[in-house]
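Peer 1: Here's a structure for you.
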Amino acid sequence: MKATSPSFALHKPTALPARLAALGLLALALAACGSPAAAPTQTVAPSATAEPYSTPTEESSPTPEATPTVNIDALPKSEVAQLLAEGHISYPEHWNNEQRREFGIAMAEYVNTEVGSDKAYVEMNFPEIGDTKLAWSPNYGYWRSSHNTPESQLDLTGESFSPLFIAGYTNTEGQEVFINPQGQEVVVPKISMPGLGEVSITDLYKMNLNDLKNYVINTMLGANGMADQGREYVQARRNNHFPLPVVIYENADQNEKIYAYQDNSRSTHAQIPEAEVIFRSWRTNSVLMPILDPGSDQLIGWVSIQQGLRNGGMASFPFASGENPNSIVTHEIGDQRAFGADANHFFGIVLLGKTTRDTYKSPENLFLENASNIGSEAEIQRILNAKSVMEIMQILADLRFFATYPDLYLYPTNK
């Protein structure tokens, strides 16, 4: 671990969205002036690549002002989270586990309250009825339309869902941690991957994305019981898919049927009879994507993704510790081998299309992925390629949750 001073010179701020920058400079000025005398501070010389943040002096002043510094350890963790999110500081790698935990909680609270959206509904227009809001209804356990369900029965802010950003951190032993819905810390164990050996989930995120994709596809192609048709299906994903390692936050038995898509139906039970349309909800895993500070590779939290389980079957490749996988087709109903159906499942790599059409062949039915406040493949790829925490925050701004519907899974299971 790099030795890091507890005092930092501030990075020069850049243009930010209004809601990410509204309080940053004011909080910084007050915190820098009000640091307790007992907390030591040290002026850090400006780097050759970034100008320090400083107050402009008048032209008549013959002496430039000293570079202002801020004692990170003396600030509330909520302010440190905001400074990191706005690009003013780097992750304080000298922190102990308690400080990292407190920061992880503060970072999640900041993203969920100041960055993420409180809008969880989808606005759609049907010629037969006009504009309508589609939202999750706890009363029904399905996505419903405001056309025939009172808005008072619709969860328009997403209170029923997992938070967008889940608290977590890398502890001083190098282990990745998240905090579950019961407030318990969960250490994500390392995984013995076929051909790779023992790796952590963040080890996989530090790999070249194309190399990881080829590894996943080659491992699937080496599975036992692969039919020629299945082999061709997997091979075709080299050019238009990308891998996403995830851990399970709430499995299909714990999570609601949050994933849904539109289905045109002539059934008299259609949720909007006038438009002959129904919104089908499926069992859903809530999975976590780790968010790393690109400057330090430190884990700062996790993004929650609502991952629908396909009713028509999923190409699954479960493997025992370090062994080549088996090739099976799992189903959403009654198949305990489906990823997330077994309580012992905790980690997997899914292959997602680079576009929604690559992942799911009928994207016109996907009203979740097409909503402006819900993330999908495009936003996930932007996060994977982000160069700074501030860039990640800009991607998360105005999103309430992520939704995907993959059908290719590589994951460990018991023999």
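Peer 1: Quick one: count up the residues across segment 262-277 that are open to solvent by less than 100 Å² (accessible area, probe 1.4 Å) and assigned to a loop (DSSP other than H, G, I, E, B).
Peer 2: Number satisfying all stated conditions: 5.
Peer 1: A further question on this structure: Going by the structure shown, is I392 under 25 Å from L164 (Cβ atoms), crowded, with 20+ Cβ neighbours inside 10 Å and in contact with a Phe, Trp or Tyr (Cβ under 8 Å, 6 or more places away or on another chain)?
Peer 2: The answer is no for I392.
Peer 1: Taking the options A320, A341, name whichever one is small (G, A, S), farther than 21 Å from Y91 by Cα and open to solvent by 10 Å² or more (accessible area, probe 1.4 Å).
Peer 2: A320
Peer 1: Tell me, which strands (runs of 3 or more DSSP E) wholly within segment 327-415 include 3 or more residues that are of a type in the set (V, I, T)?
Peer 2: Answer list for segment 327-415: 328-330.
Peer 1: Return the residues of segment 133-162 that are of a type in the set (V, I, T) and either farther than 22 Å from A403 by Cα or in contact with a helix residue (DSSP H, G or I) (Cβ under 9 Å, 6 or more places away or on another chain) (or both); say none if nothing qualifies.
Peer 2: T149
Peer 1: Within segment 158-169, take every residue that is open to solvent by 10 Å² or more (accessible area, probe 1.4 Å) and modelled with pLDDT of 95 or more and give me the one that is farthest from the chain's Cα centre (by Cα).
Peer 2: Out of the qualifying residues, it is Y169.
Peer 1: If we keep just the residues of segment 128-146 that are open to solvent by 50 Å² or more (accessible area, probe 1.4 Å) and at pLDDT 95 or above, which is nearest to V186 (Cα to Cα)?
Peer 2: My answer is K133.
Peer 1: Given the criteria under 26 Å from T413 (Cα atoms), open to solvent by 60 Å² or more (accessible area, probe 1.4 Å), of a type outside the set (K, R) and in contact with a Leu (Cβ under 8 Å, 6 or more places away or on another chain), does L204 qualify?
Peer 2: no
Peer 1: Is it true that N125 is open to solvent by 50 Å² or more (accessible area, probe 1.4 Å), among the polar types (S, T, N, Q) and touching a strand residue (DSSP E or B) at 6+ places or on another chain (Cβ under 7 Å)?
Peer 2: Answer is yes for this residue.
Peer 1: So E377 passes all but one of these: (1) open to solvent by 20 Å² or more (accessible area, probe 1.4 Å); (2) of a type in the set (D, E, K, R); (3) touching a Ser or Thr at 6+ places or on another chain (Cβ under 8 Å). Which condition number does it fail?
Peer 2: E377 satisfies every listed condition except (1).
The values are calculated or read from the model by the stated rules, or taken from the named source; none is laboratory data. Since this is a predicted model, take the numbers as computed values, not measurements. No Cβ is skipped: glycine too gets one built from the backbone with ideal geometry, and neighbour counts run over all protein chains shown. These area figures cover heavy atoms from the full protein model, side chains too; ligands, DNA and RNA do not enter into them. Shrake-Rupley method; radii C 1.70, N 1.55, O 1.52, S 1.80 Å.
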